[in-house]
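Q: Handing you this structure, nothing more for now.
The values are calculated or read from the model by the stated rules, or taken from the named source; none is laboratory data. The shown structure was predicted, so the numbers you read here are calculated from the model rather than taken from an experiment.
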Amino acid sequence: MKKDLHPKNYRFVIFKDMSNGTTFLSRSTANSNETVKHDDGNEYPVIKLEISNTSHPFYTGKNLLVDTAGRIDKFKKRYEKKAGL
């Protein structure tokens, strides 16, 4: 194994799911300019997440479909035409 491959600057950070506001404390090397106070009274850097295990459909059991720019409709129309041939 290579020497000094892994970073040495791990620190505690708070990850915040922006879709539902859930936060959790973990360790990371990611940079952040923002800080937030945690339940233990200490202030930690915050990393904002778009989705986490508390909001992801696989973990929640809710089948939510995010359609970006009508891609699903385009897909369905394309294959409806081929199925009709």
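Q: Looking at this structure, is Lys74 in a loop (DSSP other than H, G, I, E, B) and either of a type outside the set (A, V, I, L, M) or at pLDDT 90 or above (or both)?
A: Values: in a loop (DSSP other than H, G, I, E, B): no; either of a type outside the set (A, V, I, L, M) or at pLDDT 90 or above (or both): yes.
Answer is no for this residue.
Q: Identify the residue in segment 1-25 that is under 14 Å from the mean Cα position of the chain (by Cα) and of a type in the set (S, T, N, Q) and, among all such residues, is modelled with the highest pLDDT. Write out each step before concluding.
A: Step one: list which residues in segment 1-25 are under 14 Å from the mean Cα position of the chain (by Cα), which gives 14-24.
Adding the requirement that they be of a type in the set (S, T, N, Q) leaves 19-20, 22-23.
Details: Ser19: 83, Asn20: 85, Thr22: 88, Thr23: 91.
Checking each candidate, the answer is Thr23.
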